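Here's the structure, in structure tokens; my notes come after.
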Amino acid sequence: MEITDQCVVALTWTLKDTLGETLDVLDEPVEFLVGGQDLLARVEQALQGHTVGSRVQLHLEPEDAFGDYDEEKVFLESRSLFPPDLEEGMTIEGHALPQGTNPDAPRDMIYTVTELYPEHVVLDGNHPLAGIAIRLDIQVAGVREATEEEIGTGTCGTGFFRVQPQAPATTCCTDDGAGSTCAQPASQAPRPRPSHRDGLFHGLFISVLTEINETLESTPCK
């Protein structure tokens with residue numbers, strides 16, 4: 001079966017930067033919906049017509065991958081607004097930022113805690129691979145027809161380097177007028193990563209992440 005839109009592909013890959021440094025290796029095949037929300041457009045285009053066993057190699061500039069790095073998506077916030085157990089590498093959904101943070105920070109983004117200081121926290125809304133040209137060496141391990149449910153939702157439940165919120169439960173306390181609530185983190189424990197601006201990606205936590213339908217569940221603060 002050839003790869004076309006509305007089919008599911010199982011892929012493995014090696015991801016490197018333009019200097020040849022390995023950023024990520026996917027050894028076990030993971031399924032993605034072609035023609036949905038799971039893959040970058042250039043990756044989908046390159047896969048068209050291929051079959052099981054095919055090898056596809058791609059060079060993607062930032063505009064075809066995760067965009068250019070935008071300094072305006074970086075915000076310096078007061079450390080006192082966040083709980084003591086906040087750590088570098090944790091990610092927080094914008095709508096769950098605590099009260100008192102910069103109102104200009106878009107609430108429809110996911111922020112990574114890139115630096116911690118005694119008085120301040122640096123939140124970065126850029127994707128950790130923003131501004132980086134990447135090289136992908138992809139192996140096609142399987143191809144099948146997509147189910148009606150997969151086509152309807154536009155995903156197999158996985159995404160190409162999707163960033164997932166992973167913040168302390170007490171980080172996201174808000175008051176919506178009906179009482180205080182706290183956003184609870186996903187069950188997956190946060191894995192630290194180095195700053196994406198220093199070129200060091202060993203142990204990078206960004207991998208194919210299974211999408212969680214409800215990442216944050218509101219419960220009363222205590």
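The values are calculated or read from the model by the stated rules, or taken from the named source; none is laboratory data. Since this is a predicted model, take the numbers as computed values, not measurements. Every residue, glycine as well, gets a Cβ built from its backbone with ideal geometry; the counts of neighbours run over all protein chains shown.
Looking at region 141-161, can you tell me whether even one residue there is in contact with a Gly (Cβ under 9 Å, 6 or more places away or on another chain), in a loop (DSSP other than H, G, I, E, B) and modelled with pLDDT of 95 or more? It would help to see each step written out before you state the result.
Residues of region 141-161 in contact with a Gly (Cβ under 9 Å, 6 or more places away or on another chain): 141, 146, 150-151, 153-156.
Still in the running and in a loop (DSSP other than H, G, I, E, B): 146, 154-156.
Narrowing further to those that are modelled with pLDDT of 95 or more: 146.
Checked against the condition, which is being in contact with a Gly (Cβ under 9 Å, 6 or more places away or on another chain), in a loop (DSSP other than H, G, I, E, B) and modelled with pLDDT of 95 or more, region 141-161 yields at least one hit.
Of everything in region 42-68, what is farther than 16 Å from V8 by Cβ and buried (at least 18 other Cβ atoms within 10 Å of the Cβ)? Give them in sequence order.
Across region 42-68, the qualifying residues are A46, L58, L60, A65, F66.
From T158, T112, T153, grab the single residue that is surrounded by 12 or more Cβ atoms within 10 Å (Cβ to Cβ) and either among the small types (G, A, S) or more than 22 Å from Q6 (Cβ to Cβ) (or both).
Numbers: T158 fails: either among the small types (G, A, S) or more than 22 Å from Q6 (Cβ to Cβ) (or both); T153 fails: either among the small types (G, A, S) or more than 22 Å from Q6 (Cβ to Cβ) (or both).
Exactly one of T158, T112, T153 is surrounded by 12 or more Cβ atoms within 10 Å (Cβ to Cβ) and either among the small types (G, A, S) or more than 22 Å from Q6 (Cβ to Cβ) (or both), namely T112.
List the number of the failed condition for L39; all other conditions in (1) surrounded by 19 or more Cβ atoms within 10 Å (Cβ to Cβ); (2) free of Cβ contacts under 8 Å to residues at least 12 places away in the same chain hold.
Among (1) surrounded by 19 or more Cβ atoms within 10 Å (Cβ to Cβ); (2) free of Cβ contacts under 8 Å to residues at least 12 places away in the same chain, the lone unmet condition for L39 is (2).
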